[in-house]
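Reviewing the structure listed below.
The values are calculated or read from the model by the stated rules, or taken from the named source; none is laboratory data. The model shown is predicted, which means the values in this text are computed figures rather than measured ones. Ideal geometry is used to build each Cβ from the backbone, glycine not excepted, and the neighbour counts take in all protein chains shown. In case anyone asks, the SASA skips ligands and DNA or RNA and just uses the protein heavy atoms, side chains included. Shrake-Rupley method; radii C 1.70, N 1.55, O 1.52, S 1.80 Å.
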Amino acid sequence: GIGYGIGAKTMKSSVDVINAVQKAIGSLSGLIFLLLIISQFVAYFTYTNLGTVMALSLSGLLQSANIGALPLLLGFIVVVAIIDLLLTGAIAKWAIFAPVFVPLLRKLGVEPEAVLAAYRVGDSPMNAITPLNAYFALMVGFAQKYDRNAGVGTVVSLMLPYVAWMFILWTGLFAIWKMLGLPWGI
C-alpha cells in the first residue's frame, strides 16, 4: 500500500502513511470493540466453566430422552433461526452458541463440523428479514427508490417467500447430507 501510494504520488511523507493507517484502523474500530467484548465473554465463560456445566447437564437430559443426532441438529437449526431475528451478526452469535452447543452435541456423538453447518443453515436465511440487520436500512432505501411508500413491512413481506424456501431447501439439503453420512469437511 505504501509503495502504491508513493507511486501514485498520494503519499509524500511518513505523515501521509500514518494518516492512512489511522484511517484504516478507525474504520475497523467497531469490529475491534466487538471482538474485545466477545473475547471477554469467552474468557469469563471459560474461566467459570459455565459452558461445560450447561453442556453436561443438558447432555444428560438429552441422552435420557434418546433423541437422535439429526433431530437434535434440526432443532438447533430452528433455535438459531429464531434467535437470528433478535440477535444478528454471525460472529457474535456463534461466540455465544459455540461454547455451549458444540460440547453438548459432541457429548451426544455429533461432530463439531455438523454443528457449525447446522448453525450456518439456521443463520443465513433469516438475515434478509430481520430489521436488526446492519444492511436492512439499505434494503429499505433501495425499495423506496422504486416505491416511495415502501417500508420495513414491504421489504419483509417481499423477502418472506424467499426466506421460507431457502430455509426449507437448505434444511432439507442438510438433512439429506447428514443421512447420507457425507463428510462435513476435509
- Message: With every protein chain kept in place and ligands, DNA and RNA left out, what is the accessible area per residue of the chain? Probe 1.4 Å, answer in Å².
- Response: 65
- Ranking K107, K9 from most to least accessible area with a 1.4 Å probe gives K9, K107
- Cα-based helix-to-principal-axis angle, 136-146 vs the chain, degrees rounded to 10: 70
- Item | Hits among lysines - C-alpha to C-alpha of K12 under 20 Å, sequence gap 8 or more where chains match | K23
- Taking only Cα atoms, what is the 0 to 90° angle, nearest 10, from helix 69-84's long axis to the longest principal axis of the chain? 40
- Please report, as a whole percent, how much of the solvent-accessible surface of the chain comes from carbon and sulfur atoms (probe radius 1.4 Å). 72
- Given springs between every Cα pair under 10 Å in a Gaussian network model of the chain, which of D16, D123, D84 has the largest fluctuation? D16
- In a Gaussian network model of the chain with springs linking alpha carbons closer than 10 Å, the residue among G141, G26, G122 that fluctuates most is G26
- Message: Once each part is reduced to its C-alpha centroid, what is the distance from segment 164-186 to segment 37-53 in angstrom?
- Response: 31
- Message: Placing +1 on the Cβ of each Lys and Arg and -1 on the Cβ of each Asp and Glu in the chain, which of V53, F101, V15 has its Cα farthest towards the positive end of the resulting dipole?
- Response: V15
- Over segment 58-186, relative contact order from alpha-carbon pairs under 8 Å, at least 6 apart, %: 30
- Assigned charges on the beta-carbon of Lys, Arg, Asp, Glu; the chain dipole about Cα centre (debye): 320
- Query: When Lys and Arg each count +1 and Asp and Glu each count -1, what net charge do the other residues less than 14 Å away from L62, Cβ to Cβ, add up to?
  - Reply: +2
- Message: I need two numbers for segment 1-66: Rg to one decimal and Dmax as a whole number, Cα atoms only, in Å.
- Response: 23.5, 70
- In segment 35-163, taking the dipole from +1 charges on Lys and Arg beta carbons and -1 charges on Asp and Glu beta carbons about the Cα centre, the listed residue (N133, Q144, V80) farthest towards the positive end is Q144
- Using a ≥ b ≥ c from the Cα gyration tensor of the chain (square roots of the eigenvalues), is it rounded, prolate or oblate, where a/c under 1.5 gives rounded and otherwise the larger of a/b and b/c decides, a/b for prolate? oblate
- Message: Which of P161, P103, P131 ends up with the largest GNM mean-square fluctuation for the chain, with Cα atoms connected below 10 Å?
- Response: P161
- Task: Taking the Cβ of G3 as the centre, find all other residues whose Cβ is under 15 Å away and add up their charges (Lys, Arg: +1; Asp, Glu: -1).
- Result: +1
- Item | Net charge, K178 excluded, C-beta distance under 15 Å - Lys, Arg +1, Asp, Glu -1 | -1
